[in-house]
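What follows is a set of notes on a single structure, which appears directly below.
The values are calculated or read from the model by the stated rules, or taken from the named source; none is laboratory data. The model shown is predicted, which means the values in this text are computed figures rather than measured ones. We place every Cβ from the backbone using ideal geometry, glycine too, and count neighbours over all the protein chains shown.
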Amino acid sequence: MTKRIAIVALILFSYLTIAQANSQEKVLKDSVQNSAPAEDQETENLSFHAQMTYINQRHNDFNSSYSGANSLLSRFEGSDGRSYSLSGTVFLGARLWKDTEVYYNPEMFSGTPFTGSLVGLGGVQNGELQKGAYAPPVYYTARAFVRQTFQFGGEREYLESSANQLAGYADTNRLVISAGKFNTLDFFDANTYSHDPRTQFQNFAIFSMGAYNYAADPKGYTFGVVAEWYKDNWLLKAARLAMPKVPNTADLDYSLSENYGDQVELTREHNLYEQPGAIRLLYFRANAFMSNYRNSINVGIQNNTTPDILNTRLANQQLWGYGINLEQAISNDVGVFARWSWNTGQTETQTLDISQSLSGGVSIKGTSWGRPEDTIGIGYAISGISASEIDYLQRGGMTAFIGDGNIQYERERIFETFYSMKAYKGVWLSADFQRIENPAFNAARGPIHIFGLRAHIEM
């Protein structure tokens with residue numbers, strides 16, 4: 001399936017590339033005539049990168065006066081209080097011809113959430129865990145996509161080699177189209193200081209927009225098309241991505257016509273007191289086979305039963321929302337970030353059980369204590385859910401991830417801090433602490449203290 005998609009995408013992109021060949025040649029000549037910097041750095045045609053990340057976490061014996069089917073259990077209720085994840089990824093890239101690239105990422109993953117299933121939290125504590133338990137390890141294709149760039153002129157900038165990025169020159173005015181399989185967060189909701197649980201904050205509500213209902217299968221990947229228009233310090237992105245045919249399952253709707261997610265994001269980069277920063281505005285909408293909480297409640301009342309979203313799913317249900325994402329360098333070693341996100345919260349989620357979320361924090365490099373490649377991170381998030389979901393949960397309903405049988409509703413509050421130490425070339429070791437108050441929006445439980453160790457290797 002992936003090979004056929006790649007071939008079709010290549011044919012389409014090849015046609016567009018040939019149609020623009022003369023225009024691109026003129027742009028390059030104009031660039032030289034306008035005394036642009038000489039392109040004397042390497043243009044990469046093949047790339048190989050790899051990473052491996054191990055995260056081990058423990059939680060305390062927290063207060064738990066009662067629990068339900070989807071509660072994160074305390075150790076006296078039968079949990080061993082342990083969770084881990086182990087991922088290994090190879091990032092392969094090749095330049096097929098000028099401005100056309102292909103990327104392939106085989107991946108291995110093994111992991112088990114607390115109590116054996118990913119339940120009991122709005123903001124899940126480990127972004128590597130995604131939606132399932134995998135032990136022994138599983139092997140799969142994480143990403144397989146084609147990228148086509150259309151150069152429109154302007155100054156030339158050099159793109160450094162990195163995972164899924166070939167080194168080379170590009171116009172500051174360009175259109176980039178990517179098609180295939182990837183992670184939604186590869187393209188959207190980026191942030192210099194909080195975006196990658198393998199190297200930065202680990203909690204979903206802090207390293208991403210908590211209320212961003214984005215497309216993903218149980219391992220966190222999707223299929224679709226993303227367009228990115230770069231224009232100097234502006235960046236506009238738009239995408240249509242495949243949602244699962246049944247919420248939170250592996251069966252994606254490759255037709256992109258019935259179960260899909262649309263998103264548009266506008267980024268404005270700037271300098272404030274000679275320090276870089278960025279503002280990102282995101283709009284997203286999901287159209288999918290989902291359940292509406294109010295419908296589930298009404299059916300439960302009519303039948304004198306506990307409401308259940310599994311019995312009231314309908315096609316073409318919609319959930320939409322927006323997010324604001326800010327980052328700002330204070331100095332060469334200190335940066336701050338903040339996010340606000342919101343969605344309608346009327347239907348079941350396909351990511352996190354969060355309808356509103358405010359998060360922020362600070363990232364500090366260790367230059368002042370002689371460790372310039374070490375990082376301290378301090379972050380905080382406060383999240384809530386919609387009135388209809390609160391009503392649903394208080395009537396005993398369960399979602400895919402939360403449900404204590406009843407809740408004493410309060411907003412979930414998460415504090416996270418970590419210290420990442422560069423131990424050797426390409427090797428980082430981290431200690432992480434999270435305090436989660438009102439887990440799964442229930443004041444009758446918690447607070448949960450989570451202690452974690454992380455080892456990350458990249459090449």
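Structure above, values below:
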item	result
Given (1) under 23 Å from the mean Cα position of the chain (by Cα); (2) on the phi < 0 side of the Ramachandran plot, number of the condition Phe441 does not satisfy	(2)
Test result for Glu389, more than 30 Å from Ile330 (Cβ to Cβ), at pLDDT 95 or above and among the charged types (D, E, K, R)	yes
Residue that is farthest from Asp333 (Cα to Cα) [pool: residues in segment 345-369 that are of a type in the set (Val, Ile, Thr) and either within 18 Å of the chain's Cα centre (by Cα) or not in a strand (DSSP E or B) (or both)]	Thr349
Among (1) assigned to a strand (DSSP E or B); (2) surrounded by fewer than 16 Cβ atoms within 10 Å (Cβ to Cβ) - the single one Asn406 does not satisfy	(1)
Single condition Phe223 does not satisfy, out of (1) under 21 Å from Ser178 (Cα atoms); (2) modelled with pLDDT under 95; (3) touching a strand residue (DSSP E or B) at 6+ places or on another chain (Cβ under 7 Å)	(2)
Qualifying residue in segment 264-286 (condition: under 21 Å from Ala144 (Cα atoms), among the acidic types (Asp, Glu) and surrounded by fewer than 21 Cβ atoms within 10 Å (Cβ to Cβ))	no
Criterion violated by Ala431 - all others in (1) more than 22 Å from His59 (Cα to Cα); (2) at pLDDT 95 or above satisfied	(1)
Qualifying residue in segment 288-303 (condition: within 21 Å of Ile402 (Cα to Cα), out of contact with any Ser or Thr (no Cβ under 8 Å at 6 or more places or on another chain), at pLDDT 95 or above and not in a helix (DSSP H, G or I))	yes
Residue selected from segment 236-253 under the condition part of a loop (DSSP other than H, G, I, E, B) and surrounded by 15 or more Cβ atoms within 10 Å (Cβ to Cβ), by the criterion modelled with the lowest pLDDT	Asn248
